[in-house]
Every structure is written in structure tokens, then in C-alpha cells.
Amino acid sequence: MKSGLLHKIKKKIYAILLLKIVVLFFIVFLLDFTVGTLLRKLYFSQESGKLYRTTYALEKTTSDLLIFGSSTANHEYCPQIFEKRLHISAYNAGRDGSSIFYQYAILQGVLKRYTPKIILLNFDLDEFKKNHLSYDRMSSLLPYYETHPEIQSTVKLRSPTENIKLLSKTYPFNSLLFSILVGNADFNKTRRKDFQGFIPLKNVIQKPLDSGYYNKSELDTNKIRVFNLFVRDCIDANVKLYIVCSPLFFKLENSEEFLHLAQNIAKKNGIEFYNFMNDTSIINHPYYFSDVSHMNEVGATFFSNILVDKITLNDF
């Protein structure tokens, strides 16, 4: 008798626990859905700033010439110069801290919508370096995962469980909350104004030109594969691609393996590769640089004109 009563009590407790678990999951699901929907709305209501520029590059630009790369591209390529001298529209899709993963995802989105005439891809010396930050920073692509199936294979490189995490509606915005709030503020429109994606730097470096050797690093095979995909997709779409290695305010005394690898990939595919790494017409002039890694607005203007000269010499 007692054992039967205890059994009934246990069943009732288990049923109550199961009900509580179901209710808890429902509350978590509802909260995740509500907060995620709100964050998505706030994210895509931005009209300026870094996050908006990603949306514009991926979903809106129809420019004839697009510039891809990290901060070196974003701060060193002036779209207005390409427009004025080549008589075509231009947009700078570079993003600070990005890698070839981000750049290829943007290219995938662009080519799904239209075909640009020219693409300039800036190649950083450490582009093929194995670095977990390159994967972490693909968080900037997560808000687009749901609506852009063409970029999903690239985004999944971030982690083996990425597609499971993305079942959450809030997950794509977890690391972007502060940026979303800033991006929706009125002061953000004038805080760091861009010119067709280009953000000029004003500072002038206050140190002499240094020299040294580039330290070898472990190669990331994913990056090399995606770099090759970037090249092949441009060729298949009949886009004229130029790969450019812009200068640092630093004279390299050795040949860097990543640079040679990129040059060989370009050569194999019949792509022009312009290497300005030790170009004395630039690096001998400190007033062209904002810091060791970036040219300022004066340098960017000079550099953009040099690129136009090379492009017109080859194709115009």
C-alpha cells in the first residue's frame, strides 16, 4: 500500500518537474525570440557607422568599383579619386579588423545581387596567419546568416557548433549590443563620418622609418582556401580583380612567405598583384602616414592616384 502511494507521489513530482522544465524552456524561447527580434530591428534601423557600412556593402551598393580589405583598405583607398579619374562609381567596403573570411562573405552577397566591373582587394602581410581572432571577428556577419544563405558556409568556419548557436535569435547580436545602441544614436552620424565607406585618418606619425625582419607564423589553410575562392569567384563572374599590398611605415629586410604565396596565387590565375610594401616613393615620406600600419588622408590620396595610374595603364 505504502509502496503504491510512494510510486504515485514520485510520478506526480516527476510530472510537475517536467511541466516546470517545459514552462522554463518556453519562457527562455519567448524571451530569446522577443529580445532577438528587437535587436534585429534596431540593428537594421542604423543609418551610419561600421555596422551600417557592412549592411550597405552586402545588401545595397551597386558601385562599379568595390574596395575590399581590413583597416588598411578602409583608410587608404579614396573612392572619390577612382570615380573622378575612371569615370565609374566606387565604394569602399573595407572594415577594421576583418580578414579574408569577412571579405569573401561580402563578395558572396554582392555577386548574388549584381556584378561589379572592378574589385580591389587589399592584402595584409599577416592575412594567412593562423589567428583565432579572425574567426571570432566573423561575429560581424552573424546578423546576416538567416537572410543570406550564400554566406552560411563561410560563417560556419567560425566554430563546429555555429549552426546550432544560430538557432538562438539573440546570439547573432550578443557581441554587438553596444555598437547597435551607438549606431542608432544621432551623434553617430557625425562622430566618424565616412565618404562612400572611406574613413580618412588625420594624424601624422611622429617617428622615423624603422626596418627589420618579418617573423614567420603558422599558415591557416582555411584562409588560403577562402582567398583562392575569392579569386575564382571574381574570375567566374568576369570581374576585373586587382590584389594590392599597401605599404607599412616600416622597411622589410626579408621576403615574407605569405606575400609570396598570395603573389603566386594571383600569377597562377592571371591576376595583377601590386606590391607597394617597400615602395620608397611612399615609405620615405612620414607625412603620408598616420601610424606604422596606416596612411593618413594625404597618403591615401597619393596612394589612390598611383593605383589609378596602374589600372589605366593596364585596362583603360
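The values are calculated or read from the model by the stated rules, or taken from the named source; none is laboratory data. The structure presented is a predicted model; accordingly, all values stated were derived computationally and were not measured. Ideal geometry is used to build each Cβ from the backbone, glycine not excepted, and the neighbour counts take in all protein chains shown. Accessible surface is based on the protein model in full, side chains and every heavy atom, while ligands, DNA and RNA are left aside. Shrake-Rupley method; radii C 1.70, N 1.55, O 1.52, S 1.80 Å.
Restricting to the range 266-316, what's the tally of residues that are within 19 Å of LEU252 (Cα to Cα), among the small types (Gly, Ala, Ser) and not in a helix (DSSP H, G or I)? Qualifying residue count, the range 266-316: 2. Here the range 225-248 is the region considered, the condition is being without any contact (Cβ under 8 Å) to a residue 60 or more places away in the chain and open to solvent by less than 10 Å² (accessible area, probe 1.4 Å), and the residue that is nearest to PHE101 (Cα to Cα) is VAL231.
When ALA262 is tested against the conditions (1) open to solvent by 30 Å² or more (accessible area, probe 1.4 Å); (2) touching a residue at least 24 places away in the same chain (Cβ under 8 Å); (3) closer than 13 Å to LEU125 by Cα; (4) part of a helix (DSSP H, G or I), the lone failure is (1).
How about the range 13-43: which of its residues are at pLDDT 90 or above, open to solvent by 80 Å² or more (accessible area, probe 1.4 Å) and either of a type in the set (D, E, K, R) or touching a Gly at 6+ places or on another chain (Cβ under 9 Å) (or both)? Of everything in the range 13-43, just one residue is at pLDDT 90 or above, open to solvent by 80 Å² or more (accessible area, probe 1.4 Å) and either of a type in the set (D, E, K, R) or touching a Gly at 6+ places or on another chain (Cβ under 9 Å) (or both), namely LYS41. Between GLU253, GLU257, GLU272, the distinction of being farther than 28 Å from VAL204 by Cα and at pLDDT below 95 belongs to GLU257 only. Exactly one residue among THR312, THR301, THR280 is open to solvent by 70 Å² or more (accessible area, probe 1.4 Å) and either among the charged types (D, E, K, R) or more than 22 Å from the chain's Cα centre (by Cα) (or both), and that residue is THR280. Please find, among LYS50, LYS60, the residue that is surrounded by fewer than 18 Cβ atoms within 10 Å (Cβ to Cβ) and either at pLDDT 95 or above or under 20 Å from ASN203 (Cβ atoms) (or both). The unique qualifying residue is LYS60.
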